[in-house]
1. Within 26 Å of VAL389 (Cβ to Cβ) and modelled with pLDDT of 95 or more, is that true of ALA450?
2. Within the group LEU248, LEU239, LEU266, LEU275, which residue is surrounded by fewer than 22 Cβ atoms within 10 Å (Cβ to Cβ) and either under 26 Å from THR407 (Cα atoms) or of a type in the set (A, V, I, L, M, F, W, C) (or both)?
3. Please verify whether segment 181-201 includes one or more residues that are buried (at least 16 other Cβ atoms within 10 Å of the Cβ), outside any helix (DSSP H, G or I) and among the hydrophobic types (A, V, I, L, M, F, W, C).
4. Within segment 300-320, track down each residue that is of a type outside the set (Gly, Ala, Ser), farther than 18 Å from PHE488 by Cα and buried (at least 22 other Cβ atoms within 10 Å of the Cβ).
5. Residues to consider are ALA424, ALA441, ALA388; find the one that is touching a strand residue (DSSP E or B) at 6+ places or on another chain (Cβ under 8 Å), under 28 Å from SER497 (Cβ atoms) and hydrophobic (A, V, I, L, M, F, W, C).
6. Going through segment 310-326 one residue at a time, which ones are among the hydrophobic types (A, V, I, L, M, F, W, C) and over 29 Å from the mean Cα position of the chain (by Cα)?
7. Filter segment 189-212 down to the residues that are hydrophobic (A, V, I, L, M, F, W, C) and either under 22 Å from VAL144 (Cβ atoms) or in contact with a Gly (Cβ under 6 Å, 6 or more places away or on another chain) (or both) and list them by number.
8. Can you name the condition, by its number, that VAL443 falls short on among (1) out of contact with any Asp or Glu (no Cβ under 9 Å at 6 or more places or on another chain); (2) modelled with pLDDT of 95 or more; (3) not polar (S, T, N, Q)?
Amino acid sequence: MNQQNRLNEQTLQVTGMTCDACAGHVQQALSCVSGVHAVQVDYPAATARLQVDAALAMVVLNAALPPSYRVQARDDDGRVGATVSGGSSAHPARDGSGAGLHIAVIGTGGAAMAAALRAAERGARVTVIERGTVGGTCVNIGCVPSKIMIRAAHVAHTRRHSPFDDGISASVPAIRRDVLLAQQQARVEDLRHAKYENILDDNPAITLLRGDARFADEHTLSVRLAEGGERTISFDRCLIAVGARPALPPIPGLKETPYWTSTDALAADHLPKRLLVLGAAVVACELGQAYARLGSAVTMIARSELFFHEDPAIGEAIGQVFADEGIRVLRQTQTRSVRHENGEFILDTSSGELRGDALLVATGRTPNSDTLELAKAGVHSAKSGAIAVDAQLRTSAAHIYAAGDCTDQPQFVYVAAAGGTRAAINMTGGDATLDLSSMPAVVFTEPQIATVGLSEAEAHLKGIETDSRTLSLDNVPRALANFDTRGFIKIVVEAASGRLLGVQAVADGAGELIQTAAIALRAGMTATELADQLFPYLTMVEGLKLAAQTFSKDVKQLSCCAG
């Protein structure tokens, strides 16, 4: 039997062609696919006749085509299958995979990458669209550079002051911000290349398209290409994962000044002598403390209290730390106007006039979904711009999903990535949900702030009667050994059953211990059951055991590492 007889001849429908030249492009692209031995594309008939290896999958053919063209099979009667794009069926394969589907992903951050990779694993062809720098907020202008800067600030602080200064001489460090910035950005670029760009380049099922996307209709995106021109992308499913950006409060005069956002503060190559910070939550406190430790005189302006959405004890504890470190915090302060004169910021506030050399605005974030023309796709968003999603990450349009900071979910990269993964599973025929009931959260001040589950106030709003205990860190051997007993660990339980409802902690390493609390919460443990677990001695997480033990005994009367 010769090679010709062993080949499978197929006639496929081709969509996206607008002229004979398009047919040539399609024919050339398909001819390059391994396993394709002959191709004849007919533009008027919108068909492609192929001689192919019998095992060649449709998704392989479409992966080779530019995104504007698609091929799709026809049934035995010559009718086109019920596909919308990508040579796929409008529904996933019966085995729950995404074989043949074309999925568009808008963005390249944590949610987008997780979704693209999982969808490709499940057999889908994926087109990822990015208008800016690949990698999104976390690796480029968020988590990674901020934690590097915070760590550098920690080193500077401990060289200047520590609990062991009587035995280890302290010194005033020389801060070269330009060198620190270069080190920081080099690590950012390394991670972006390794974890985003290289992964996209190496995955044949994923096509990266650089441009600005917006919806043309419920199954079509129009992309203004970065290189010029416009391209139309049709899709079966779409994930919106465009993230968020710093929000600007409506303060008279602010827009006309060279204020900093968190992005600017992380990229600044100098340290201002006087830094004013508008805000009182995560970004404001993390960066405010970092700049203070690097040498700036920092004043924080809070409309209410520090971390006013959290248990009041958190704001009180961090406020005392800030006071001890020389950070000025103005509470219950309204900023009436901002102006910039002779290189100086001048703020008119309810606490008096404030002057500084730099102004960091860290009062929240707003979704980047405002340019997508969501209404054309039937996707609803709140007045804030946040896209509402259900537990399966679906938007108001059943075939369009959203994940990450552009949604109404908590703005953490691990929530975004988990949402992207689950959205991809659901877009390819699966049924996955995102349960946020035991979601841990960490603020990287020093000491760190970590929470999981419900605070007492949140439980009461749900009509749950609670009991709670707060353990000061002078009862935790690790904190005593560190000569740093700032902070606390608080456990909230359901009064009737003793079942864990939530944990709040301000402590060195609180971000590490909170995951144990999250697992205990997810397991439905009671305080008694948590207290009965084995915890390694002289670890901060042992404080969880001690806090749980306080529901039934006086831990001050226990010996070290008492079980």
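1. yes
2. Residue meeting the stated conditions: LEU248.
3. Checking segment 181-201: not a single residue is buried (at least 16 other Cβ atoms within 10 Å of the Cβ), outside any helix (DSSP H, G or I) and among the hydrophobic types (A, V, I, L, M, F, W, C).
4. MET300, ILE301
5. ALA441
6. Selection gives ALA323 alone.
7. Of everything in segment 189-212, those that are hydrophobic (A, V, I, L, M, F, W, C) and either under 22 Å from VAL144 (Cβ atoms) or in contact with a Gly (Cβ under 6 Å, 6 or more places away or on another chain) (or both) turn out to be LEU191, ALA194, ILE199, LEU200, LEU208.
8. (1)
The values are calculated or read from the model by the stated rules, or taken from the named source; none is laboratory data. Just so it is clear, the model here is predicted, and its values are computed rather than measured. As a convention, Cβ positions derive from the backbone with ideal geometry for all residues, glycine included, and neighbour counts pool all protein chains shown.
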